[in-house]
Amino acid sequence: MKNLLWSLVVVSCLMLTACGSSEDAGSEAQGSGSDEKVSFKLSTPDPEESNVTMAAKEFAEVVEEKSDGSIEISVHPNGTLYGGDPSAAVKQLGSGSLDMLVLSTSLYANFEPEFSAISVPYLFDDNEQYVSFLNGDLGNELLGSVSDLDIKGLGYWARDFRQITNSQHPIEEPADLDGLKLRVPNNPLWVEFFKGGGTATTPMDFGEVYNALQLGTIDGQENPLGVISSAKMHEVQDYLTISDHMADGWLVGLNQQKYDNLSDDQKQILEEATQEVQDWSIDYNAEQAESIIETLEEEGMEVNELSDEQKQEFIELSQEAYPAFEEVIEDEEFFEEVLKSVGKD
């Protein structure tokens, strides 16, 4: 009997040990195995075939591949998830009613005025300097500032410099802006720059621009080539000026709480994918630019590119407005740091 009882005790201990080992192995597998699957809706402000929406689609593919399907992203263009109101979109992203949003840095300036520094006219000499700024200390400082809005800034995507279209005449010198009714984004930086040339600026949501041009309420607008093409501006505009007058970036944002709920691996995947798509977007934009200009010319638009001498007149127009830009940015020290970083101090 004693031998039998002892055998039962030994068997019971062995079973408990085995169960414990099994539970430990299960816990370890859960911690090191695949992450819990999450799905996000990513909203872009521009049409299906626009550069930013194409970048968003590329981003969704890269993320799905890198995460082995643990992060699924669906792309929703044209601002459909937020009614086309960018300010409302930023608030909805912070509250969590939007998951992810790609929106221009110039529109974030309505919440953090220092973002306007990116769009100071003729701040950057070329695309390389512009991208270097976005990825540098000052660009990262701005990216981190959206945490105050309960938004996680994952990074930036590059945009083409902005160009001018209108229905009146070619723009070759600042005097050609005099009296032109030009739509600009809802950002005082644009107003301060263009009013120096005598332009009648009209801040307007982009969704209203095509009809306003069609009706003659305004004469022109300015945007990167990808937007000019995808919005079919050639149907309501006769002249395109390659002015490269301003820049802004696409800020890729995720609701902060939803970001915090991700695993460390998933967070890293999103940030790495954002950077990869920045490189992709630079190449994509460059490839698209030449073909867009050719297509717009074929559609009947007259295209002129400012020479270095002509561009210098617009640069001087911008420099005259530096005191006004400083007021818009609301931070003299930051503005001076920005100018110094690009050799414009």
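The values are calculated or read from the model by the stated rules, or taken from the named source; none is laboratory data. Computed from a prediction, not measured in an experiment: that's the story for all the values here. We place every Cβ from the backbone using ideal geometry, glycine too, and count neighbours over all the protein chains shown. Accessible surface areas use protein heavy atoms only, side chains included; no ligands, DNA or RNA. Shrake-Rupley method; radii C 1.70, N 1.55, O 1.52, S 1.80 Å.
Any residue that is of a type in the set (D, E), open to solvent by less than 60 Å² (accessible area, probe 1.4 Å) and at pLDDT 95 or above - is there at least one of those in region 327-343?
From region 327-343, those of a type in the set (D, E) are 327, 330-333, 336-337; that's our starting set.
Retained after the next criterion (residues that are open to solvent by less than 60 Å² (accessible area, probe 1.4 Å)): 331.
This time we only want the ones that are at pLDDT 95 or above, so: 331.
The answer is yes; a qualifying residue exists.
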Would a scan of region 317-326 turn up a residue that is open to solvent by 40 Å² or more (accessible area, probe 1.4 Å), under 15 Å from D125 (Cα atoms) and modelled with pLDDT of 95 or more? yes
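Just to confirm my filter: which strands (runs of 3 or more DSSP E) fall fully inside region 220-335 and include at least 3 residues that are within 25 Å of the chain's Cα centre (by Cα)?
Working: elements: 220-224, 239-242, 250-255, 302-305.
Where strands (runs of 3 or more DSSP E) fall fully within region 220-335 and carry at least 3 residues being within 25 Å of the chain's Cα centre (by Cα), they are 220-224, 239-242, 250-255.
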Inside region 79-112, the number of residues satisfying the requirement of being surrounded by 17 or more Cβ atoms within 10 Å (Cβ to Cβ) and not charged (D, E, K, R) is 20
Going residue by residue through region 139-157, is there one that turns out to be surrounded by fewer than 19 Cβ atoms within 10 Å (Cβ to Cβ) and more than 26 Å from A88 (Cα to Cα)? no
So, G136, is that one touching a residue at least 12 places away in the same chain (Cβ under 8 Å), surrounded by 17 or more Cβ atoms within 10 Å (Cβ to Cβ) and small (G, A, S) or not? no
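If you go through region 303-315 one residue at a time, how many are surrounded by 13 or more Cβ atoms within 10 Å (Cβ to Cβ) and of a type outside the set (V, I, T)? Explain how you work it out, then say what you get.
Residues of region 303-315 that are surrounded by 13 or more Cβ atoms within 10 Å (Cβ to Cβ), as a first pass: 303-306, 310-311, 313-315.
Right, trim to of a type outside the set (V, I, T) and you get 304-306, 310-311, 313-314.
Matching residues across region 303-315 total 7.
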Could you list, in sequence order, the residues of region 113-130 that are surrounded by fewer than 17 Cβ atoms within 10 Å (Cβ to Cβ) and not in a helix (DSSP H, G or I)? D125, D126
Please tell me if I293 is open to solvent by less than 20 Å² (accessible area, probe 1.4 Å), touching a residue at least 24 places away in the same chain (Cβ under 8 Å) and aliphatic (A, V, I, L, M). no
